[in-house]
Amino acid sequence: MDLRSPEKKFRPELEGVRTVAAFLVAIYHIWIGSVSGGVDVFFIVSGYLITTSLLAKMERVGRINLFEYWLGLARRLFPLAFTVLLFTVVGSIFIMPQVQWKQIIAEVFSSAFYVQNWYLASSAVDYLAQNNQASPLQHFWALSLQGQFYLTWPFVIFFSFLLAKKVLKTPVRKTLLGVLIGLFTISISYSVYKTAVNQPWAYFDTLARVWEFSLGGVLALLIPYLTFRKSVSVVIGWIGLAVICFTGILLPVSTVFPGYAALLPTTGVSLIIIATENSARFGVDRLLGSKPFLFFGGISYGFYLWHWPLLIFYYSYFGVETVAVSGGLAIIASAFVLSFLSVKILETPVRKISVKQSKKRLASVLLGLILPLLCVNTVWALYVKDQGQQQYNLKEYPGARAISEGLESYPDKDPVPSALSVKEDLPSFYEDPECFSNMGDAKVTVCSRGETDQPEYTIALVGGSHSGHWFPALEELSRKMNIQIDIYNKDACRFSEDDFDGLLNESCMDWNKKILEMLKSNPPDILFTTANVADGDTVPQGYLHQWKKLDGITHIFAVRDNPAMEGDPPQCVEERGIEDCSVPRDQVLSGAVPWENTDGIPGNVTFADLSEYFCQDGTCPPVVGNVLVYRDYHHISTLYSRTLAGAVEEELRKTGLF
């Protein structure tokens, strides 16, 4: 005997749930500055509705016309999505700082093709991209994930029917229930694991979210059997609403989701769906199914789309980091008006076009929405690429040479690299994935650059990005001093025996052990690394322990770490100018020289303090010699590193090894 078929019907309380979720998302984004768990509510509702719809169609006609299904989805999703994307592109050109343009362009394309969640997942674990500012399109990650679900869910239904009829010879709905429970179990297990080991990636990972859609499907199949007394339904319905509303307060959603913690809001919406099957006079459906909630539920998709770019534009235009009550209300009101108008003017007319009878017309209308966005964004991308290809006259842009060579005068020029290219202006070895390891990558790599054909000296550049950003300086010296540079680099990792400040992961510690053995078996003439961390006033003991293991094997050249600035220097310079973005030295750099406060330094170490090239006269400027010193708040720009070659050479020669 098969399960009873879930009834396909309009459920007004689900529109109300969408209303609550949309408002929660906006309120938390605007005033609380955190994540509410509202998107998890959307995922459950989507899983419930689409499973009910596809199952009904499959049982009624025996098949699902995929082209018509996907065209119908596009008819529902594309008009507002591509309108908001186009608006965001135009708004970004006029409002957002140029330093963010490349990031926004990439996110427009990833959003248009519904892969924004994967783009953000990659950025979340890419140490070199983690300093990206919030873009006006980050909220499209949830829409991308839903789009992937809508695209693939018919195949889950197909597979279940095939399994039931051709293989197991079991009732269809029972088989589908088993498949959904299986997907739920696999996905939530993966989600809990991935959240524990790499939460930033898991947050955007489709596979770590499938269980939420599956749970909605399971609920759709079991809902005919989930009946309770009206008094019980009243209680669990209001409890469900309270759980949804307070999830963001009870849990740090942005740092613990989507593992088992996401069961909280998903349970809340499940309780509401179950409760409203047994409608009662004082049930939660009386509120959620009321006309105001129904009206707003009808435009909640548009409201979600509009609120985030308006918020980010507000931040950028007014140069603020928080939103006042009046400003937040203005954002909500604007998002409400724009969503209402865009639904009325765009979405409703397009949705009236028949999928079955007017396929060509509908496809043409949708292409008319898609192509302008792709064309405008492509032209913008080409412009940014062209503007970012700059050639520099070293006499006009001396950078650190203005200090090392004592240059008293040079032309006053706008700083370079430009805001359009500084974020991507990375040391050249990052172009080769075999030259470095990512944060969570277990692989150990080494590659050689510079003068690799019969070099006179070998320098091993060892550590993370704060060692790596000295590579351009060494590369400048390689031909002059006949140096081969062996690169031992791992993102967010330091050459240390222990995790002294709780910032180094397990793969970093494993990397350190393997790298040490490689250095012992193939010792360089000099090992180039960092001597401390940011404004630290001592040399970490973990560093000393590693260096001691190489005493008598190689010489350590340890350079004092550069200051970590406040905010984002390139963006600050673009928006406010050099003087307003300079920082007092004592705020970002310790007055004590680290190695002068440290005992037990082995005899194979030479230290170099190049702080004078980052801070002068008690101030640390973001620009020196017309060159941006930083590409973000704590990494040296590639161009400035090149101009430090003379200063690095002087310090290297003090070792007496050259």
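The values are calculated or read from the model by the stated rules, or taken from the named source; none is laboratory data. These figures come from a predicted structure and were not determined experimentally. Cβ placement follows ideal geometry from the backbone for every residue including glycine, while neighbour counts extend to all protein chains displayed. Side chains included, ligands, DNA and RNA excluded: accessible areas come from the protein's heavy atoms. Shrake-Rupley method; radii C 1.70, N 1.55, O 1.52, S 1.80 Å.
Quick notes
- Taking the chain, the Cys residues with no second Cys beta-carbon under 4.7 angstrom are CYS245, CYS375.
- If the segment from PHE159 to ASP412 were pulled out straight at 0.36 nm per residue, it would be longer than the present Cα-Cα gap by 84.3 nm.
- Listed by chain and number, the aspartates and glutamates placed with their C-alpha closer than 19 angstrom to that of LYS194 are ASP40, ASP126, ASP205, GLU212, ASP441, GLU506; residues fewer than eight positions away on the same chain are left out.
- Annotation: amide H of VAL605 within the under-5 Å range of ILE556, sequence separation 5 or more or interchain, hydrogens built in the peptide plane.
- Excluding ligands, DNA and RNA, the accessible surface per residue across region 234-294 is 45 Å² with a 1.4 Å probe.
- Computed with a 1.4 Å probe over protein heavy atoms only, the accessible surface of region 329-408 comes to 63 Å² per residue.
- With both labels modelled 7 Å from their Cα along Cα-to-Cβ, the CYS375 to VAL337 distance reads 3.0 nm.
- Solvent exposure of region 555-622 amounts to 42 Å² per residue of accessible area, where only protein heavy atoms count and the probe is 1.4 Å.
- Label corresponding to percent of Cα pairs over 32 Å apart when calculated from the structure given, among [x] 68; [y] 50; [z] 58: [z]
- Rough spin-label spacing in nm, given labels placed 7 Å along Cα→Cβ, for ALA363 and PHE94: 3.6 nm
- Length gained when the stretch ARG653-ASP432 is fully extended (0.36 nm per residue, less Cα-Cα span): 76.6 nm
- Of all accessible heavy-atom area on region 552-658, the percent that carbon and sulfur account for (1.4 Å): 42 percent
- Straight-distance candidates among the aspartates and glutamates for linking to LYS230, with alpha-carbon spacing under 18 Å and chain neighbours fewer than 8 residues away dropped: GLU13, GLU277, ASP285.
- Sorting the segments 22-28, 275-281, 307-313 by their mean number of nearby beta carbons within 10 angstrom, highest to lowest, gives 307-313, 22-28, 275-281.
- Relative contact order, whole percent, for region 239-384 stands at 16, derived from Cα pairs under 8 Å and 6 or more residues apart.
- Within straight-line cross-link reach of LYS385, lysines at Cα separation under 16 Å, skipping those fewer than 8 residues along the same chain: LYS102, LYS423
- The chain - mean residue ellipticity at 222 nm from DSSP helices (-39,500 (n - 2.57) per run, n ≥ 4, rounded to 500): -17500 deg cm²/dmol
- Cβ-defined net charge surrounding TYR410, 12 Å radius [Lys, Arg +1; Asp, Glu -1]: -1
- Length released on extending from THR322 to ARG351, taking residue separation times 0.36 nm less the Cα-Cα span: 6.7 nm
- Cα gyration tensor category, rounded, prolate or oblate, for region 1-103 with a/c compared to 1.5: oblate
- Greater than 25 Å apart at Cα, pairs in LYS291/LYS359; LYS395/LYS480; LYS480/LYS654; LYS57/LYS360; LYS490/LYS654; LYS57/LYS165: LYS291/LYS359; LYS490/LYS654
- Between the helical axis of 116-125 and the longest alpha-carbon principal axis of the chain there is an angle of about 30 degrees.
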